[in-house]
1. Name the residues in region 163-178 that are in contact (Cβ under 8 Å) with a residue 40 or more places away in the chain and either outside any loop (DSSP other than H, G, I, E, B) or not charged (D, E, K, R) (or both), would you?
2. State all residues of region 168-184 that are hydrophobic (A, V, I, L, M, F, W, C) and more than 11 Å from Tyr147 (Cα to Cα); if no residue qualifies, say none.
3. Residues of region 1-26 being open to solvent by 10 Å² or more (accessible area, probe 1.4 Å), farther than 11 Å from Glu205 by Cα and in contact with an Asp or Glu (Cβ under 9 Å, 6 or more places away or on another chain), which ones?
4. Has region 185-205 got at least one residue that is of a type in the set (A, V, I, L, M, F, W, C), in a helix (DSSP H, G or I) and open to solvent by 10 Å² or more (accessible area, probe 1.4 Å)?
5. Every residue in region 4-18 that is in a loop (DSSP other than H, G, I, E, B) and either without any contact (Cβ under 8 Å) to a residue 40 or more places away in the chain or farther than 12 Å from Ile91 by Cβ (or both), please.
Amino acid sequence: MKWGVLVFPGSNDDQDALWALSDVLGQQAVPLWHKDPDLKSVDAIVVPGGFSFGDYLRCGAMARFSPVMQSVKTFADSGRPVVGMCNGFQILCEAGLLPGALVRNRSLRFICERSRIRVENADTPFTSRCRKGEILDIPIKHGEGCYFADDATLEALRARGQILFRYVDASGEPSSGANPNGSVDSIAGIMNEHGNVFGMMPHPEHAVEAIVGGHRGCEDGRKLFGSLIDHLERAARLPSRRAVAVEGRA
């Protein structure tokens, strides 16, 4: 499968995402410069972390106007997968591809630490290698990671199974102490209503090799990338609707 990783001025996790996809997971991965609307025929798009445009105005507020983002919107509207991590999550919310917004951490401080997140929905293209209720160990590093949405949006997210991850404590339960940034309902990651656009604040690209952190949990990020790889490979094996129609008329 061919993956595209967006690159904005200020991106600093694009190379990590490219490394995780190509060197660790054996995928074809190419950088996509923000001023070039050509997506180079990729099968999936990653919007990486960092500080696009220096986080001026608001995190992701300027990146949403880059020429590549219109192509990303068209790509997403066609049902193809888009993943945003940290600043990428912020950009997708600013661009209207995901509901809600990311605001300043409750502490008003930048945080960089390991986090526990619980899988809330394992029946998605992004979590199929996980079990519902499974606890993943994925690092976070952000200053504006507090997810917020109004009550109506939250009700819809819950009803449609769009909340994929929540921050939890060692016992696997959401709590104020386990919520590192103050996100409403302890939300760590969500997907859109159609199930093809996904955003999360933790960094799965930093959790694909045990050697990085010295423990097994440091490979939990592979489950998320691997889930989408499985989804893309299944989709590639399916005949196109056009091919089926042609065969039906033959």
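1. Ile163, Leu164, Phe165, Arg166, Tyr167, Val168, Ala170, Gly172, Pro174, Ala178
2. Matches in region 168-184: Val168, Ala170, Ala178.
3. The answer is Met1, Lys2, Val7, Gly10.
4. No, because not a single residue in region 185-205 is of a type in the set (A, V, I, L, M, F, W, C), in a helix (DSSP H, G or I) and open to solvent by 10 Å² or more (accessible area, probe 1.4 Å).
5. Result: Pro9, Asn12, Asp13.
The values are calculated or read from the model by the stated rules, or taken from the named source; none is laboratory data. Note that the structure is a prediction, hence the values are computed from the model and not measured. Don't worry about glycine lacking a Cβ; one is built from the backbone with ideal geometry, like all the others, and counts go over all protein chains shown. Each accessible area value is taken on the protein alone, full model and side chains, heavy atoms only, with ligands, DNA and RNA left out. Shrake-Rupley method; radii C 1.70, N 1.55, O 1.52, S 1.80 Å.
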